[in-house]
1. Residue check: is Trp238 of a type outside the set (A, V, I, L, M), surrounded by 13 or more Cβ atoms within 10 Å (Cβ to Cβ), assigned to a helix (DSSP H, G or I) and at pLDDT below 85?
2. Here are some conditions: (1) assigned to a loop (DSSP other than H, G, I, E, B); (2) without any contact (Cβ under 8 Å) to a residue 24 or more places away in the chain; (3) in contact with a helix residue (DSSP H, G or I) (Cβ under 9 Å, 6 or more places away or on another chain). Gly132 meets all but one. Which one does it not meet?
3. Taking segment 167-204 on its own, how many of its residues are closer than 19 Å to Met34 by Cβ and surrounded by fewer than 21 Cβ atoms within 10 Å (Cβ to Cβ)?
4. Taking Gly197 as the residue in question, decide whether it is outside any loop (DSSP other than H, G, I, E, B), of a type outside the set (A, V, I, L, M) and at pLDDT below 90.
5. When only residues in segment 207-231 that are within 22 Å of the chain's Cα centre (by Cα) and of a type in the set (Val, Ile, Thr) count, which is modelled with the lowest pLDDT?
6. From the list Ala206, Ala230, Ala191, exactly one residue is within 16 Å of Leu94 (Cα to Cα) and among the aliphatic types (A, V, I, L, M). Which is it?
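The values are calculated or read from the model by the stated rules, or taken from the named source; none is laboratory data. Computed from a prediction, not measured in an experiment: that's the story for all the values here. Neighbour counts are summed over all protein chains in view; Cβ atoms, including those assigned to glycine, are modelled from backbone coordinates with ideal geometry.
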Amino acid sequence: MPLPAKPLSFKPQQLAIVALLLLALIWGYNWVVMKIAVRDAPAFAFAALRNVFGALSIFLVMALRRQSLRPQVFWGSALVGLLQSGGLIGLSTLALVQGGAGKTAILTYTMSFWTLLFAWLFLGERLSGRQGLGVWLALPGLVCILMPFSMAGGLMSKVLAVLAGISWAAATIVLKKLTRKQPVELLSFNAWQMAFGSLPILLASAISSDPPIHWTASFIGALAYNAVPASAVAWLLWLYALKHVSAGVAGLSGLIIPVVGLLAAAWQLGESPQPLEILGMVLILSALALTTLSAPKPEIEPLARV
């Protein structure tokens, strides 16, 4: 008589890796979703709605988990929110209006190199040999994509994407300094920094003379995607992964996200970068891989992906 088959069982570490891969797909594909959204809405309006609904979805998760909804560190979350959800989300969304989703994703993820430089300048952290090599490898990649010698190809959108990465890096440095003084519960902190970061974008949207939002099915779908999978679900996946694998392993998802964004933009939006831009992307992704794989265990991961 045959023995009954044993049910499949997975270790928490294996499920955490699956969660990270799913997370990379969700956040990577969101670059295409955001590009679609800004076709029907001004950049500031969409960025503001994305932040507001994203924050509300995380607050809902906190309420279901019976967590306190009060901010842990008011001014810290406000400052990080200004740089993270205000600067990163606002600038990267503006970049998507004229720029390709794939290029914008790659340029925004240069935040890793700006973080290394800022940590060296403001926190006294030394660069390892491989990290320094990664930074120097990224510089010609930036030049290839930006092509400052040519005004063609949406130079302003590329500059905005780089500035989004710089703002993201600055938020990471502020968070590092903050967590050296006191522990931070990531779910609560991220909800509040998104809420605070919404305020300057809402103000910019209110005083601008942008056309009204076209509430098409694709825009509503993009907004829902940013509120639920890209915010609430993604953060639950992220926290589960951090619970079962090291922060260094979890941080490797940041290496996959811009690649997913680049491939999804080529597949769905038909984006085809110029040869020099492709070379620049390869250099930046190689530098990102070099610095990510050689980095020591971080004090804290960046608050959010885009």
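1. yes
2. Going through the list (1) assigned to a loop (DSSP other than H, G, I, E, B); (2) without any contact (Cβ under 8 Å) to a residue 24 or more places away in the chain; (3) in contact with a helix residue (DSSP H, G or I) (Cβ under 9 Å, 6 or more places away or on another chain), Gly132 breaks only (1).
3. 3
4. No: the conditions fail for Gly197.
5. Val228
6. Exactly one residue qualifies, and that residue is Ala206.
Here is a yes/no grid of residues against (1) over 30 Å from Pro211 (Cβ atoms); (2) out of contact with any Leu (no Cβ under 8 Å at 6 or more places or on another chain); (3) polar (S, T, N, Q):
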| site | (1), (2), (3) |
| --- | --- |
| Leu15 | yes, yes, no |
| Ala24 | yes, yes, no |
| Val32 | no, no, no |
| Val38 | no, no, no |
| Ala45 | no, yes, no |
| Met62 | yes, no, no |
| Ser68 | yes, yes, yes |
| Val73 | yes, no, no |
| Leu79 | yes, yes, no |
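Here's the yes/no breakdown for (1) of a type in the set (Val, Ile, Thr); (2) modelled with pLDDT of 90 or more; (3) surrounded by fewer than 18 Cβ atoms within 10 Å (Cβ to Cβ); (4) at negative phi:
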{"position": "Gly86", "(1), (2), (3), (4)": "no, yes, no, yes"}
{"position": "Ser92", "(1), (2), (3), (4)": "no, yes, no, yes"}
{"position": "Ile106", "(1), (2), (3), (4)": "yes, yes, no, yes"}
{"position": "Phe113", "(1), (2), (3), (4)": "no, no, no, yes"}
{"position": "Ser128", "(1), (2), (3), (4)": "no, no, yes, yes"}
{"position": "Pro140", "(1), (2), (3), (4)": "no, no, yes, yes"}
{"position": "Ile145", "(1), (2), (3), (4)": "yes, no, no, yes"}
